[in-house]
Number of protein chains: 2
Amino acid sequence: MSDSASHPTTEQGLEDEPEFQNLSKITIAIFGLGLMGGSLALALKGRVQMLLAVDPDPDTRALAQRQKVVDHISSHPTSILDRADLIVLAAPVGAILQLIDDLPSWMSEPAVVLDLGSTKAHICKAYEALPPRFDPIGGHPMAGKETSGLAHASADLYRHAPFALTPLERTSPRARALSEALVRALDANPLWLDASTHDRWVAATSHMPYVLSSALALATPQEAAGLVGPGFRSTTRLAESSPSMMSDILTTNRGAILQALARLRTQLDRLEDVIQTGDQASILSLLEDAASYHNTLTRDRI
Amino acid sequence: MSDSASHPTTEQGLEDEPEFQNLSKITIAIFGLGLMGGSLALALKGRVQMLLAVDPDPDTRALAQRQKVVDHISSHPTSILDRADLIVLAAPVGAILQLIDDLPSWMSEPAVVLDLGSTKAHICKAYEALPPRFDPIGGHPMAGKETSGLAHASADLYRHAPFALTPLERTSPRARALSEALVRALDANPLWLDASTHDRWVAATSHMPYVLSSALALATPQEAAGLVGPGFRSTTRLAESSPSMMSDILTTNRGAILQALARLRTQLDRLEDVIQTGDQASILSLLEDAASYHNTLTRDRI
């Protein structure tokens, strides 16, 4: 690995670093070849020097080998990992925290470490304890499905998705440039921010939708199921996300989620108040505000 | 129109009535050629004796004429409506209530009257005031989009959708049979129930998802918009439904919606409690309950 001191330190322009104009000289090791790790592999296949993977699940490994998703896959970390320039931790938050703990015993060579975990504060804190040969940076692509597993992976999962990157103070310019080049190779949109801001924002845009989907499902009488339509399906789709993945998220982002819940209750109160009064003009005005504000939130960005 | 006394009075078997084996001898007049009325017309085109429509919007009429969506369209009710065997009121609830008021002055011949309104109690009550030559029945297809207008209509909008039918005491067996035949012609699934049960159920499966989508949009800080992903889009999709259509719904189904909101708050409290404790096992257990219950609610029915 080259010395990073000669690289620029500002984020702007880093993606133009000649070293990462493309990733063809980079070897990437992916821990976890599920929906996220598998989609990453499919998107990078044939475009990097070598793709390595580690996955404990025999079915996943068999599928990966059959479909030649990566160049090498094993059930446990092996010495081949030392060839990796970049380690990608593609697992639920709890498993990522465990992987960070174990990494030093598995790898003796330097490497950039990027994770795809849904919350960033706990993970970035865990990164601080890594020995200096590791160059860690947090990542979180705003992409996914309510399904999981390599069988549902696709090369375009990350296309046009916002991809949060949360560097630590110790993160080198080289690791920043490599991460940004990876994000651009996926056709995703890098968004640089700090871990705690990230966690506050995703509490609103990701964790709150999940909590509400679950609450809405639980609050629906079984007898009403005959009148479930496309609106219900769309609004509650997230309720079938992986409970273990989501419980990691709810425990590692508790503070921000409780704050977002309080904001949600305030808005629910406003809506309930106007519904209670039955005043058409007030109802209409609030609904128009919600519709137009929703439009500003979800308009596609460049 | 034939005397209905010779027709069976049970709901079962009515769809086998020879008269409605197909709808080829039926003339249908649709009031409102928007998303719902337009999709109905597209699905029935060429399969009924004649399709008539009334729509006040000049652009809609121009589009309908250009695409030959119906056989005859006018801006106001004309005497041609007297040829209709079946009147379909395809408008927001407030407009349907007004149409029911005006109908007797427009039509002098008997007709079955079916509406597609999202709430049924107010509408079925208004039907009671119609002169005896009208044979009214409530309807509500669980289909739609957050977009509106004829331009978004499609012949398969109703395919496989539950289609609630809420007869009145005065609704004749013939009107029941004709409505069921229409629903089956759309490839939708008829579900017979009374208006107040319907309203209680859709408060949970349709109106609550809308209210929550709106609350969630309003509770999301603008600065977090950069981290909006597919989960947020799906969960809040309904927030851009037509505010005037939704305000009709919220005012005409207030009681059931307030009850559903109370149930929702109970479930939100449960979720907040386990998140607050941070206890992984309790969180996991509640999330697993929500996921598996959601699955039972949304599993496709025969």
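Structure notes:
For (1) at pLDDT 95 or above; (2) charged (D, E, K, R); (3) assigned to a loop (DSSP other than H, G, I, E, B), each residue gets a yes or a no:
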position	(1), (2), (3)
A:199	yes, yes, no
A:204	yes, no, no
A:245	no, no, no
A:259	yes, no, no
A:285	yes, no, no
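- Within the range A:199-239, the residues that satisfy the criterion of being touching a residue at least 40 places away in the same chain (Cβ under 8 Å) and either open to solvent by 10 Å² or more (accessible area, probe 1.4 Å) or more than 7 Å from chain B (Cβ to nearest Cβ) (or both) are A:199, A:200, A:203, A:206, A:207, A:237, A:238.
- Failed criterion for residue A:195 (all others in (1) in contact with a Ser or Thr (Cβ under 7 Å, 6 or more places away or on another chain); (2) within 7 Å of chain B (Cβ to nearest Cβ); (3) hydrophobic (A, V, I, L, M, F, W, C) hold): (2)
- Every condition in (1) over 22 Å from the mean Cα position of the chain (by Cα); (2) more than 17 Å from residue B:113 (Cα to Cα) is met by residue B:57 except one, and the failing one is (1).
- Residues (in contact (Cβ under 8 Å) with a residue 60 or more places away in the chain and surrounded by fewer than 22 Cβ atoms within 10 Å (Cβ to Cβ)) located in the range B:26-68: B:42, B:43, B:44, B:45, B:47, B:63
- Candidates A:242, A:285, A:292 - the one that is more than 30 Å from residue B:251 (Cα to Cα) and either more than 7 Å from chain B (Cβ to nearest Cβ) or of a type in the set (Val, Ile, Thr) (or both): A:242
- Restricting the range A:69-89 to residues that are touching a Phe, Trp or Tyr at 6+ places or on another chain (Cβ under 8 Å) and open to solvent by less than 30 Å² (accessible area, probe 1.4 Å), the residue that is modelled with the lowest pLDDT: A:81
- Exactly one residue among A:220, A:235 is part of a helix (DSSP H, G or I) and polar (S, T, N, Q), and that residue is A:235.
- Residue count for the range A:182-197 under the criterion of being part of a helix (DSSP H, G or I) and within 23 Å of residue A:122 (Cβ to Cβ): the result is 5.
- Filter result for residue A:264 (open to solvent by less than 10 Å² (accessible area, probe 1.4 Å) and either at the interface with chain B (Cβ under 7 Å from one of its Cβ atoms) or closer than 18 Å to residue B:265 by Cα (or both)): yes
- Where a residue in the range B:247-260 is more than 11 Å from residue B:206 (Cβ to Cβ) and its partner, wherever it lies, is open to solvent by less than 40 Å² (accessible area, probe 1.4 Å) and outside any helix (DSSP H, G or I), with Cβ under 8 Å and at least six apart: B:248/B:118; B:248/B:119; B:251/A:278; B:252/B:119; B:254/A:278
- The range B:179-192, residues that are more than 7 Å from chain A (Cβ to nearest Cβ) and surrounded by fewer than 24 Cβ atoms within 10 Å (Cβ to Cβ): B:180, B:181, B:183, B:184, B:185, B:186, B:187, B:188, B:189, B:190, B:192
The values are calculated or read from the model by the stated rules, or taken from the named source; none is laboratory data. In this text, all values refer to a predicted model and were calculated from it rather than measured experimentally. Don't worry about glycine lacking a Cβ; one is built from the backbone with ideal geometry, like all the others, and counts go over all protein chains shown. What goes into the accessible areas is simple: the full protein's heavy atoms, side chains included, and nothing from ligands, DNA or RNA. Shrake-Rupley method; radii C 1.70, N 1.55, O 1.52, S 1.80 Å.
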